[in-house]
1. Counting only complete DSSP H runs, which helices of the chain cover 27 Å or more along their long axis at the Cα atoms and score a mean Kyte-Doolittle of 0.0 or above?
2. Under the rule of at least 5 residues apart or a separate chain, name every residue whose amide H is placed under 5 Å from the amide H of Tyr183.
3. Can you compute the charge dipole magnitude of the range 372-492 about its Cα centre, using +1 on each Lys and Arg Cβ and -1 on each Asp and Glu Cβ, nothing else charged? Give it in debye, rounded to the nearest 20.
4. Go through Val188, Tyr332, Phe268 and say which Cα lies farthest out towards the positive end of the charge dipole of the range 107-367; charges sit on Cβ, +1 for Lys and Arg, -1 for Asp and Glu.
5. By average Cβ neighbour count within 10 Å, what is the ranking of 249-256, 318-325, 27-34 from highest down?
6. Please go through the residue pairs Lys48/Lys282; Lys172/Lys194; Lys194/Lys303; Lys194/Lys360 and name each one whose alpha carbons sit more than 31 Å apart in this structure.
7. Taking the highest mean first, how do the peptides 125-133, 37-45, 332-340 order by number of other beta carbon atoms within 10 angstrom per residue?
8. How would you order 102-108, 395-401, 18-24, 196-202 from highest to lowest mean count of nearby Cβ atoms within 10 Å?
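Computed from the coordinates by the stated procedures, all read-outs in this text should not be read as laboratory data. Quantities reported herein were computed from a predicted structural model and do not represent experimental measurements. For neighbour counting, all protein chains shown are included, and Cβ atoms are generated from backbone atoms with ideal geometry for every residue, glycine included.
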Amino acid sequence: MNDRAGQSPPPDGHRLERDAERMRADGYAAIDLLVDHLATLADRPVGKIADVDELTGLFSGAPPRHGRPFAEVLERVDRDIFANSLLCNHPRYFAFVPGPSNFYGMLADALAAGFNVFTGTWLESSGPAALELSMIDWLCGTAGLPDEAGGLFVSGGSVANLTGLAVARHVKLDDRTDNAVIYCSDQVHASVDKALFLLGFRREQLRRLPCDENFRLDPGTLRDAVSSDRQAGKRPFCVVGNAGTTNTGAVDPLNDLADLCGQEGMWFHIDGAYGASAVLGKLGRDMLTGLGRADSLVLDPHKWLFQPFEIGAVLVRNRALLSETFRVSADYMQDTEAEGLETNFCDYGIQLSRGFRALKLWMSLECFGLDAMTQAIDHGIELAEVAEAAVASDPRFELTSPACLGVVTFRYHGSPPMNEETCDSINRLISRDVMASGDAVVTSTMLRGRTVLRLCTINPRTTHDDIRNTVGLLAEVGDRVAGSTAARQASST
Ligand SMILES: Cc1ncc(COP(=O)(O)O)c(C=O)c1O
C-alpha cells in the first residue's frame, strides 16, 4: 500500500521500537556495564578530567541518519563519556558532597524511566503518589516534624531551598519582598543566595552573619541583627539555619534559632541538604536536635541517603501551606482536580511534569533495610573521625575543623610551617595533583580566608585504609609540592 505521497510507508523504525529479544539483549549489555562498574569501582582510578582539546570534536556533528548497533553506542558511552568524568560514587572521592548512590536506586531509576511515570497528578499516578506520600511522611516523622507536615521530592537541595523559601515568602510576606530581611550564617550554601535572587530579593536583603568559632550562627548575633533591622524599619521574616554546612559539617543551634523565630514571628527554614539524613543514625541524632522545629526543612536523599541524582526533599511543617503557595488552576487540568484527599504534587511545587523519584528511595530501603541504611550513615561519621585522627598524628597538617557529620578540614603547613600565602597555594596544588593522580579526589575550600583541604566521607564503600592512605598521599604530595615551591622561590631570589 502506498502512503499519501504515493511512496512506500517508512520502515518500522519510525515507531522507535525494537523487538523483545533485541531489547533484552541490549538491556542486559547495559546492566553488565553497570555491574562491572560497581564491582570494580574500588580498583579503578577515581576518574579523569580530560583537556578541552581532547574532547573537542569528539561529539561534534549531527546525529547519524541511520541508527547504529547498540553495542557500538554503549562502547562509546563507556569510553568517551563516562571515562572522562570523576566518579563521585568511588570510595576515594571525598570532594564536595559525594554521591555514593546504590544498585537498587539505580535499578529503580531505570524502572521509573521505563514506565515513564508522570507524578504531577493523582489522576495519572495514584500508586506512585501514594508511595511518595508515604516516603515523605516517613522523612517528616524521622526529622521530628508533626503529623500535619508534608512535602515533595524535587531535583535536589537547590530547588528544595527555593521551594521552602517560596513558601516562607508567601506565608510571611504575602509575596511582597520590599524591605524584607532574611538571616543566615556566612557558612550558608550558595543555593540560598540563588533561591532568594529568583524569589525577587536583592542581595542586600540577605544578612550573612559572621559565624562563631565553631562555624555556627550565634543566636546573640542574630538577635542583635534582627533588632537593629526592626529599628531601621525593615521587615525581618526568615532565618535559614544549617543542619550540616557544606564547608565543615557545622550544625547551627537549631533550638535557639527556632525559639528566636517563634519570638520574632519569623519563618525558620533549615538547610539540611546533606547533613539532615544523619538524624537516622545513632551518631548524628543528638547533633541534630531541633531539626523538627523547622517551618521548612531540606534533606537530599541523593546525598547521604545514597540515592542516584536527582532527589531532594522539601518538608514543610504545615503541608497545607505548600498548596496555598503553589496551587494554580488551569482549564485543561479540570479533570485532575481532587475530589477528596487525593494529593496532586503539581500543587506542592514548581513542576507539573515530574518523574518518579520516590521509587528509588523506597526500593533501596525495601531491599537493603533501614538498619543497613542507618549503619551506612554512621559509618560516614566514623570515617571522618578516622581522618581527623590521621591528620592529628601528622605534624605536617593542622586541623582546621574537627570531624563533624562526615566532614573534616585541615591544612598542610609543612614542617617547619611556611608563610600563610605560600601555604594557601600549596594546598590548592595538593588538591589538583592528587586529583590528577586518579588515586583520590579531595577538594579545597576557604575557612576564615585561608585555603584548607576538605574530606567529605559519606560513602559507605570507603574503608579506614582508604582514609589513611589518602591522608598519607596528601602529605606526600604536599612535601613534593612544597619542595618544588621552595626550590622555585630559592632560584628566583
Ligand atoms: C548544605 C547544602 N545545601 C544545598 C545544596 C545544594 O544541593 P543540590 O546540589 O542538590 O542542588 C548542597 C549541595 O552540596 C549543600 O551541601
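1. The qualifying helices are 20-39, 370-392.
2. Placed amide hydrogens put Arg207, Cys238, Val239, Val240 under 5 Å from Tyr183.
3. In total the dipole reaches around 380 debye.
4. Val188
5. Those peptides, ordered most packed to least, come out 249-256, 318-325, 27-34.
6. Lys48/Lys282
7. My ranking of the peptides, most packed first, is 125-133, 37-45, 332-340.
8. In decreasing order of mean packing, 102-108, 395-401, 18-24, 196-202 become 102-108, 395-401, 196-202, 18-24.
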